[in-house]
Amino acid sequence: MKGLFTRLPGKGDGPKKVLFKPLYPKRYAFGRGETTSLTLDRTRLERVLIRERSGILRSGGIYFMLPMKLLLISGVVLLLNLPFGYWRAHVRKFSLPWYLAVHLPVPLVISLRLASGIGWHKISFPFLIGAYFGGQLLGGRIHRGRSKRRSEG
């Protein structure tokens, strides 16, 4: 919180209320749907900033993340990486095609993350990284299974 707001000396020094002057425009400083008044009590201001930074949405007084959206995007990332994992499995390790198979889906996953509105919240990283590598591994296993069947039959 240091640096986001500066205290104006001699104005609004009440027991609960503190007068703040935002360094950024008010719509960025106080979050969505909050008052743009410069006089807020400190605990309310802290709650607004925590809610804004953690990505928790407010709906009827209930705070929640959107786990279904996160799981849906994770499934899409897993399916997106299946063909790249399939491709990666039949090229020589650490060659140019191998690097392309591993790294080409990254911009696609980033654009999917931004388009879906998940953002860069810490809770989303384990899900999306797990889905990314899971898709790569499953694609490789599918390739190995098919190549075994071809060689046997």
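In table form, for the structure just shown:
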quantity: Net charge contributed by nearby residues that have their C-beta within less than 15 Å of Arg113 (K/R +1, D/E -1); calculated: +2
quantity: Convex hull of segment 67-152 built on C-alpha atoms - directionally averaged projected area, nm²; calculated: 5.9
quantity: Under the Karplus curve 6.51 cos²θ - 1.76 cosθ + 1.60, θ = phi - 60°, whole-Hz ³J(HN,Hα) for segment 92-98, x wherever Gly or Pro sits; calculated: 5, 5, 6, 8, 4, x, 5
quantity: Extreme residue, positive dipole direction of segment 67-152, given options Val91, Phe125, Leu114 (C-beta unit charges); calculated: Val91
quantity: Phe94-Phe125 pseudo-label distance in nm [points 7 Å out on the Cα-to-Cβ vector]; calculated: 2.7
quantity: Segment Arg47-Ile142, length gained on full extension (0.36 nm per residue, minus Cα span); calculated: 29.4 nm
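A short reminder: the numbers here are calculations on the coordinates, not readings from a lab. Every value quoted in this text rests on a predicted model; they were computed, and no experiment measured them. So basically every Cβ, Gly included, is an ideal-geometry build from the backbone, and we count neighbours across all protein chains shown.
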